[in-house]
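The next block holds one structure in the form of C-alpha cells; read it before the comments.
Nothing in this text is a laboratory measurement; each read-out follows from the coordinates by a stated rule. What you see is a predicted model; the values in this text were computed from it and never measured. So basically every Cβ, Gly included, is an ideal-geometry build from the backbone, and we count neighbours across all protein chains shown.
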Ligand code: NAD
C-alpha cells in the first residue's frame, strides 16, 4: 500500500480510509493509496508554507544541485515507476518508460535554469535614482494533475516551481496516484528539505475545494478538463490566488492538396491513437482538401487497422492500451454513435475488440469516420479517445474557418508545401501551438499552453518560470 508524503514523512490518512487503484486492462486492483481529507490538505499546505522561506532563500545553485541529484535518482527508478504507470493507467510499457524519463529530463532542464533567473536594472528620469526589478518566487504552489500523462504533467509543474524557489503540494488524479507517489518519494530522496515537495491523495470532489480555497496557497497550477478549470478559477478568485490552467483541446489538422500524404497520414494516426487518443494535444479533427481526400482517408484507415496493435500495456509489441475508465470509453462510443446517427460513415474500427482477455478491459478499436457533420458531438466536444472525425473541405479559407469554430484553442497543425498557406495557418489558427508538416509533439524549449477555453499560462521553456515568479519593482535613491 502506498502512502502520502507530507513534511518529509510518509503518512496514511488519519481516517484510515483508502482508495483502490485498478488496472484498466484487467479490472484488477493494483494498489491502494490513503484517501486524504481536508486535514491532510491543511497539513501539507502548512508544511509547504513553513518550508518556503528557507527554500526560496537557498542559493539557486544549491537548489539546482538538489534537482540534478533528484534527476539521477529518477533515472535509476524509471523501470519501477514506468511499470506502476502502465498498471494503473493502461498505456504500453515502452510509452510509460518514455514518460517516466521525461521527469528526469525536466528536472535537469529546470535545474539548469535555476541560477539564470534575474531581474533588470532600469534607468529613471530622476537624477540620482535608478530602478530594479526583482523576480521572487510566488510561494506555495498547489499542482493538480490528470490521469492521461500523470508523470509528464507533474514534472511540468514541479520542476519550474522547485527551480524558482517555490514549495509544492501535489495532487494527482485518484485513478493514477501510484507512479506519481513513487516519483515524489524518489525526488525527495535526493535530500530536499521537509515540506518542499508534498503529495496528497483523494478525488477532486473530496479534497479539491480544500486545496484550491486554502488561504496559504499562492498559486494553483492545474491540468485537466475545462469544466474543472472553470470551477477552480472561480474558487481561486476568493483569495485572488494565481492560476495557470492547461485545459481541454480539440486540435484541428489541415491537410492541403499539396501535402505529403504518407507523412501526414502517419502523423494523423500517431496524433490520434497514441495513448489511446487520451492526449490533450491529440489530433482531434481533420480537415482535408477534396482533391486528396479519398487517398488520405484510405491511408489513415489502413494505418488505424494495421498499425495499432491493441492489448494489455505489459505485453510486448502492444501499441494501444485500453481507455482509462469504463465511463471514458462509454463517452467516446456515445460521440461516435452520435456522428453515425447524423450521417457519418465509419471507415475503420468503431467497435470493442474482445479477442482473448480484451473483454476484461476498457478497450476500443482505432476508429476513423468520414463526413462527420459540423453539429455532431465529435466536432463540438473534445473526443478523448481513439476516434477521428474527418471532414472534407474545398480550400484553406473553409479549413481555417472550421478549425477555428471551436471553444478550444490548444494545438493545431497543417500539412502543405506552400509557405503562403503555412503562414496563414500560423497566423490565423486560434491556438497556442501550430505544427507545420510535423507531428504534434511538444518540445521542452518551446512554451506550451492554450488559448480560448483551453486555458492560459505556459508550461515548458523559459516561460514556465514566469508562472512561478512575481516581479517586484524597487526604486533606489542614491543622492
Ligand atoms: P479532470 O478535470 O477530471 O481532473 C484533473 C485533476 O483535477 C484530477 O487530479 C482531479 O482529481 C482534479 N479535480 C477534479 N475536480 C476538482 C475540483 N473541483 N477541484 C480541484 N481539483 C479537482 O480531468 P481528467 O479527466 O483527469 O483529464 C482529462 C482532461 O485533461 C482532458 O480534458 C484533457 O484535454 C485535459 N488535459 C489538458 C492538458 C493541457 O496541457 N492543456 C494536458 C493533459 C490533459
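Tabulated values for the structure
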read-out: On Cα atoms only, tilt of 60-89 relative to the major axis of the chain in degrees; value: 40
read-out: The chain: angle of helix 150-164 to the longest principal axis, Cα-based, in degrees nearest 10; value: 30
read-out: Rg to Rh quotient for region 1-145, alpha carbon positions, Kirkwood Rh; value: 1.10
read-out: Largest-first principal axis extents, alpha carbons of region 341-450, Å; value: 49, 37, 27
read-out: Theoretical FRET efficiency, 1/(1+(r/R0)^6), r = Cβ-Cβ of residue 133 and residue 234, R0 35 Å, to 0.05; value: 0.65
read-out: Convex hull (Cα only) mean projected area of region 400-459, reported in nm² to one decimal; value: 4.1
read-out: Scaled radius of gyration (Cα, divided by 2.2 N^0.38 Å) that region 2-55 gives; value: 1.42
read-out: For region 185-260, fraction of C-alpha pairs farther apart than 17 Å, in %; value: 60
read-out: Projected-area average for the chain over all orientations - Cα convex hull basis, square nanometres; value: 24.0
read-out: C-alpha center-to-center spacing [region 400-433, region 37-82] in angstrom; value: 39
read-out: In Å, descending, principal axis extents of the Cα set of region 118-254; value: 61, 43, 39
read-out: Label-point gap, in nm, between residue 330 and residue 18 - each point 7 angstrom along Cα→Cβ; value: 2.7
read-out: Per-residue [θ]222 nm for the chain (sum of -39500 (n - 2.57) over DSSP H runs n ≥ 4, rounded to 500); value: -12500 deg cm²/dmol
read-out: Stretch gain in nm, segment residue 94-residue 59, where the contour uses 0.36 nm per residue and the Cα spacing is subtracted; value: 8.8 nm
read-out: DSSP beta bridge pairing in the chain, given as percent antiparallel to the nearest 5; value: 45
read-out: For region 155-219, convex hull of alpha carbons as volume per residue, Å³; value: 89
read-out: Global form of region 141-188, assessed from the alpha-carbon gyration tensor, a/c cut-off 1.5; value: prolate
read-out: Segment residue 1-residue 26, extension gain: residue separation times 0.36 nm, minus the distance between their alpha carbons; value: 7.1 nm
read-out: Approximate shape of region 428-479 as ellipsoid semi-axes (Cα gyration tensor, √5λ), whole Å, largest first; value: 33, 13, 10
read-out: Global form of region 282-383, assessed from the alpha-carbon gyration tensor, a/c cut-off 1.5; value: oblate
read-out: Helix 38-57 vs. the chain, principal-axis angle (Cα, 0 to 90°, nearest 10); value: 60
read-out: Computed label-point distance, nm, for sites residue 345 and residue 395 using a 7 Å Cα→Cβ extension; value: 2.7
read-out: Descending Cα extents along the principal axes, region 71-126, whole Å; value: 64, 21, 14
read-out: Computed E for residue 298/residue 258 - FRET, C-beta separation, R0 30 angstrom, nearest 0.05; value: 0.95
read-out: Theoretical FRET efficiency, 1/(1+(r/R0)^6), r = Cβ-Cβ of residue 115 and residue 50, R0 35 Å, to 0.05; value: 0.90
read-out: Anisotropy class of region 241-330 from Cα gyration tensor, a/c 1.5 cut; value: oblate
